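J.: One structure, pasted below without further comment.
The values are calculated or read from the model by the stated rules, or taken from the named source; none is laboratory data. Please read these numbers as outputs of a predicted model, since none were measured by experiment. Because the Cβ atoms are built from the backbone with ideal geometry, glycine has one as well, and the counts that use them run over all protein chains shown. When the accessible area is computed, the model is the full protein with side chains, heavy atoms only, and any ligands, DNA or RNA have been set aside. Shrake-Rupley method; radii C 1.70, N 1.55, O 1.52, S 1.80 Å.
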Amino acid sequence: MVMQYKTIGNMNVYQAAEKRVLKVFAENYHVDLMFSGGKDSIAVFLVVFNTMRKFGISFKRLSVTFVDEEAIYPDVPDIVAQYRRMVIERGATFNWLCLPWRHYNCTNTLNDEDSWTCWDIRARDKWVRTPPPYALRWHPDFKYGMSYQEFFKAVAEKHPKFVQIVGVRAAESVQRLMFFHSLAYKKRATRVYLKYVIYDWKDSDVWKC
(Lines give C-alpha, C1' and ligand atoms only; values in the text may rest on other atoms or scores of the structure.)
Protein backbone atom coordinates (compact mmCIF):
# COMPACT_ATOMS: atom_id res chain seq x y z
CA MET A 1 0.00 0.00 0.00
CA VAL A 2 1.33 3.44 -0.93
CA MET A 3 1.51 5.77 2.08
CA GLN A 4 -0.25 9.06 1.57
CA TYR A 5 0.57 12.50 2.95
CA LYS A 6 -1.88 14.03 5.39
CA THR A 7 -4.52 16.04 3.54
CA ILE A 8 -5.57 19.64 4.21
CA GLY A 9 -8.75 20.54 2.41
CA ASN A 10 -8.33 19.69 -1.26
CA MET A 11 -4.56 19.14 -1.11
CA ASN A 12 -2.03 17.16 0.90
CA VAL A 13 0.67 18.72 3.08
CA TYR A 14 3.35 18.27 0.43
CA GLN A 15 1.29 20.18 -2.12
CA ALA A 16 0.59 22.86 0.49
CA ALA A 17 4.32 23.16 1.25
CA GLU A 18 5.09 23.41 -2.46
CA LYS A 19 2.54 26.23 -2.78
CA ARG A 20 4.15 28.08 0.15
CA VAL A 21 7.61 27.78 -1.41
CA LEU A 22 6.30 29.26 -4.65
CA LYS A 23 4.74 32.12 -2.69
CA VAL A 24 8.04 32.86 -0.91
CA PHE A 25 9.88 33.06 -4.24
CA ALA A 26 7.10 35.14 -5.78
CA GLU A 27 7.47 37.71 -2.98
CA ASN A 28 11.28 37.63 -2.70
CA TYR A 29 13.96 37.53 -5.37
CA HIS A 30 16.47 35.70 -3.16
CA VAL A 31 15.65 33.10 -0.51
CA ASP A 32 17.85 31.56 2.17
CA LEU A 33 17.18 28.00 3.30
CA MET A 34 18.29 26.97 6.78
CA PHE A 35 19.77 23.46 6.82
CA SER A 36 20.92 21.40 9.79
CA GLY A 37 21.25 17.93 8.28
CA GLY A 38 18.42 16.59 10.46
CA LYS A 39 15.30 14.85 9.20
CA ASP A 40 13.09 17.96 9.17
CA SER A 41 15.64 20.14 7.41
CA ILE A 42 16.25 17.41 4.82
CA ALA A 43 12.49 17.26 4.21
CA VAL A 44 12.18 21.01 3.70
CA PHE A 45 15.37 20.99 1.59
CA LEU A 46 13.83 18.41 -0.75
CA VAL A 47 10.56 20.33 -0.99
CA VAL A 48 12.41 23.51 -1.94
CA PHE A 49 14.86 21.71 -4.26
CA ASN A 50 12.16 19.75 -6.11
CA THR A 51 9.81 22.74 -6.35
CA MET A 52 12.54 24.88 -7.88
CA ARG A 53 13.33 22.19 -10.46
CA LYS A 54 9.64 21.53 -11.21
CA PHE A 55 8.78 25.18 -11.84
CA GLY A 56 12.08 26.26 -13.38
CA ILE A 57 13.15 28.65 -10.60
CA SER A 58 16.80 29.60 -11.00
CA PHE A 59 19.02 28.18 -8.27
CA LYS A 60 20.97 31.44 -8.36
CA ARG A 61 18.04 32.82 -6.35
CA LEU A 62 18.75 30.36 -3.51
CA SER A 63 21.32 30.22 -0.75
CA VAL A 64 21.50 27.43 1.81
CA THR A 65 22.90 28.11 5.28
CA PHE A 66 24.33 25.56 7.68
CA VAL A 67 25.15 26.69 11.22
CA ASP A 68 28.10 24.49 12.18
CA GLU A 69 28.19 24.26 15.98
CA GLU A 70 31.52 22.40 16.10
CA ALA A 71 30.52 19.67 18.60
CA ILE A 72 28.11 17.75 16.38
CA TYR A 73 27.56 14.09 15.52
CA PRO A 74 30.34 12.82 13.21
CA ASP A 75 27.97 11.86 10.36
CA VAL A 76 26.32 15.29 10.18
CA PRO A 77 29.15 17.05 8.26
CA ASP A 78 29.12 14.21 5.70
CA ILE A 79 25.34 14.51 5.23
CA VAL A 80 25.51 18.30 4.94
CA ALA A 81 28.38 18.07 2.43
CA GLN A 82 26.27 15.74 0.27
CA TYR A 83 23.38 18.21 0.08
CA ARG A 84 25.82 21.08 -0.37
CA ARG A 85 27.03 19.49 -3.59
CA MET A 86 23.45 19.09 -4.85
CA VAL A 87 22.72 22.82 -4.81
CA ILE A 88 26.18 24.11 -5.72
CA GLU A 89 26.10 22.01 -8.89
CA ARG A 90 22.96 23.92 -9.89
CA GLY A 91 24.30 27.38 -9.14
CA ALA A 92 23.07 28.03 -5.61
CA THR A 93 25.21 29.43 -2.80
CA PHE A 94 25.96 27.32 0.27
CA ASN A 95 27.01 29.18 3.43
CA TRP A 96 28.77 26.81 5.83
CA LEU A 97 29.13 29.04 8.88
CA CYS A 98 31.83 28.24 11.44
CA LEU A 99 31.54 31.38 13.56
CA PRO A 100 32.21 31.73 17.31
CA TRP A 101 28.59 31.28 18.31
CA ARG A 102 27.76 31.62 21.98
CA HIS A 103 25.75 28.78 23.50
CA TYR A 104 24.04 29.00 26.86
CA ASN A 105 23.86 26.17 29.37
CA CYS A 106 20.29 24.94 28.94
CA THR A 107 20.28 23.44 32.46
CA ASN A 108 20.97 26.77 34.18
CA THR A 109 19.99 29.83 32.15
CA LEU A 110 20.28 32.14 35.15
CA ASN A 111 24.06 32.19 35.19
CA ASP A 112 25.38 34.22 32.29
CA GLU A 113 28.85 32.76 32.69
CA ASP A 114 27.52 29.26 32.04
CA SER A 115 28.06 29.43 28.30
CA TRP A 116 30.30 27.93 25.66
CA THR A 117 31.68 29.56 22.53
CA CYS A 118 32.21 27.16 19.67
CA TRP A 119 34.97 27.83 17.15
CA ASP A 120 36.51 30.17 19.71
CA ILE A 121 39.52 31.71 17.96
CA ARG A 122 41.18 32.14 21.36
CA ALA A 123 41.00 28.43 22.13
CA ARG A 124 41.88 26.62 18.92
CA ASP A 125 43.62 23.87 20.87
CA LYS A 126 40.24 22.91 22.38
CA TRP A 127 38.31 22.59 19.13
CA VAL A 128 36.45 19.30 18.78
CA ARG A 129 37.19 19.17 15.04
CA THR A 130 38.66 21.22 12.23
CA PRO A 131 36.36 23.34 10.03
CA PRO A 132 36.10 22.31 6.38
CA PRO A 133 38.23 24.40 3.99
CA TYR A 134 35.17 26.05 2.42
CA ALA A 135 33.66 27.13 5.76
CA LEU A 136 33.02 30.83 6.35
CA ARG A 137 34.94 32.01 9.41
CA TRP A 138 33.89 35.67 9.24
CA HIS A 139 30.73 37.62 8.46
CA PRO A 140 30.27 41.42 8.39
CA ASP A 141 27.07 41.22 10.46
CA PHE A 142 28.50 38.93 13.14
CA LYS A 143 29.83 40.19 16.46
CA TYR A 144 31.90 37.92 18.68
CA GLY A 145 29.74 36.22 21.29
CA MET A 146 26.45 36.38 19.40
CA SER A 147 24.12 33.42 19.47
CA TYR A 148 23.06 32.33 16.00
CA GLN A 149 19.52 33.50 16.78
CA GLU A 150 20.84 36.99 17.53
CA PHE A 151 22.97 36.89 14.40
CA PHE A 152 20.14 36.08 11.99
CA LYS A 153 17.89 38.65 13.63
CA ALA A 154 20.61 41.26 13.09
CA VAL A 155 20.97 40.20 9.44
CA ALA A 156 17.21 40.47 8.91
CA GLU A 157 17.06 43.93 10.46
CA LYS A 158 19.96 45.15 8.33
CA HIS A 159 18.78 43.62 5.06
CA PRO A 160 15.07 44.36 4.38
CA LYS A 161 14.68 41.61 1.77
CA PHE A 162 16.25 38.89 3.93
CA VAL A 163 13.95 35.87 4.24
CA GLN A 164 14.65 32.35 5.46
CA ILE A 165 12.82 29.07 5.03
CA VAL A 166 13.15 26.85 8.09
CA GLY A 167 12.03 23.28 8.81
CA VAL A 168 10.15 23.85 12.06
CA ARG A 169 6.93 21.91 12.71
CA ALA A 170 4.06 22.29 15.19
CA ALA A 171 4.03 18.53 15.86
CA GLU A 172 7.56 18.54 17.27
CA SER A 173 6.53 19.69 20.75
CA VAL A 174 3.87 21.48 22.76
CA GLN A 175 6.10 24.56 22.81
CA ARG A 176 6.27 24.62 19.01
CA LEU A 177 2.50 24.12 18.77
CA MET A 178 1.88 27.06 21.09
CA PHE A 179 4.37 29.15 19.12
CA PHE A 180 2.49 28.63 15.87
CA HIS A 181 -0.80 29.21 17.64
CA SER A 182 0.51 32.57 18.87
CA LEU A 183 1.61 33.58 15.37
CA ALA A 184 -1.99 33.36 14.21
CA TYR A 185 -3.21 35.89 16.77
CA LYS A 186 -0.24 38.02 17.80
CA LYS A 187 0.76 41.15 15.92
CA ARG A 188 4.54 41.03 15.65
CA ALA A 189 6.50 44.23 16.29
CA THR A 190 9.19 43.31 13.75
CA ARG A 191 9.03 42.04 10.21
CA VAL A 192 8.57 38.28 9.97
CA TYR A 193 11.54 36.96 7.99
CA LEU A 194 11.13 33.26 8.81
CA LYS A 195 8.93 31.09 6.61
CA TYR A 196 7.68 27.77 7.98
CA VAL A 197 6.62 25.85 4.89
CA ILE A 198 6.22 22.43 6.59
CA TYR A 199 4.80 23.65 9.91
CA ASP A 200 1.73 21.37 9.63
CA TRP A 201 3.58 18.15 8.77
CA LYS A 202 3.42 15.14 11.04
CA ASP A 203 6.42 12.87 11.67
CA SER A 204 5.02 10.36 9.18
CA ASP A 205 4.95 13.05 6.47
CA VAL A 206 8.63 13.82 7.06
CA TRP A 207 9.63 10.18 6.63
CA LYS A 208 7.58 9.92 3.39
CA CYS A 209 9.55 12.82 1.92
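J.: First select every other residue whose beta carbon is under 14 angstrom from the beta carbon of Val76; then total the charges, Lys and Arg +1, Asp and Glu -1.
T.: -3
J.: Next question, about the same structure. Work out how much length His139 to Asp75 would gain on full extension: take 0.36 nm times their residue separation and subtract the Cα-Cα distance, in nm to one decimal.
T.: Net length gain for the segment: 20.4 nm.
J.: Please get the size of the charge dipole for the range 60-166, origin at its Cα centre, with Cβ charges of +1 on Lys and Arg and -1 on Asp and Glu, quoted in debye to the nearest 20.
T.: The dipole magnitude comes to about 640 debye.
J.: Provide Asp78, Asp203 ordered by accessible surface of protein heavy atoms (probe 1.4 Å), highest first.
T.: Sorted descending by solvent-accessible area, the residues read Asp78, Asp203.
J.: Round to the nearest 10 and report in Å² the accessible area of His159, as given by a 1.4 Å probe over the protein chains' heavy atoms.
T.: Surface accessible to solvent at His159 totals approximately 80 Å².
J.: Just by accessible area at a 1.4 angstrom probe, what is the order of Phe142, Phe151 from largest to smallest?
T.: Largest to smallest exposure gives the sequence Phe142, Phe151.
J.: For a quick check of understanding: with a 1.4 angstrom probe and all protein chains in place, what accessible area in square angstrom does Thr117 have, to the nearest ten?
T.: Around 30 Å² of this residue is reachable by solvent.
J.: From the square roots a ≥ b ≥ c of the eigenvalues of the alpha-carbon gyration tensor of the range 18-146, which class results: rounded (a/c under 1.5), prolate (a/b over b/c), or oblate?
T.: prolate
J.: Here is a further query. Tell me which trypsin sites (Lys or Arg not before Pro) from the range 6-103 have a DSSP coil assignment and no more than 12 other beta carbons within 10 Å of their own.
T.: none
J.: Another question about this same structure. How much length is gained on full extension from Arg129 to Trp116, taking 0.36 nm per residue of separation minus their Cα-Cα distance?
T.: Computed gain between Arg129 and Trp116 is 3.1 nm.
J.: What list of ³J(HN,Hα) couplings, whole Hz, do you get for the range 53-63 from phi and the Karplus terms 6.51, -1.76, 1.60, once you set θ to phi - 60° and write x for glycine and proline?
T.: My calculation for the range 53-63 gives 5, 4, 9, x, 7, 5, 6, 5, 8, 10, 10 Hz in order.
J.: Using only the Cα atoms of the range 1-80, build the gyration tensor, take square roots of its eigenvalues as a ≥ b ≥ c, and label the shape rounded, prolate or oblate: rounded if a/c is under 1.5, else prolate if a/b is larger than b/c, else oblate.
T.: Judged from the Cα gyration tensor, the range 1-80 comes out oblate (a/c at least 1.5, b/c at or above a/b).
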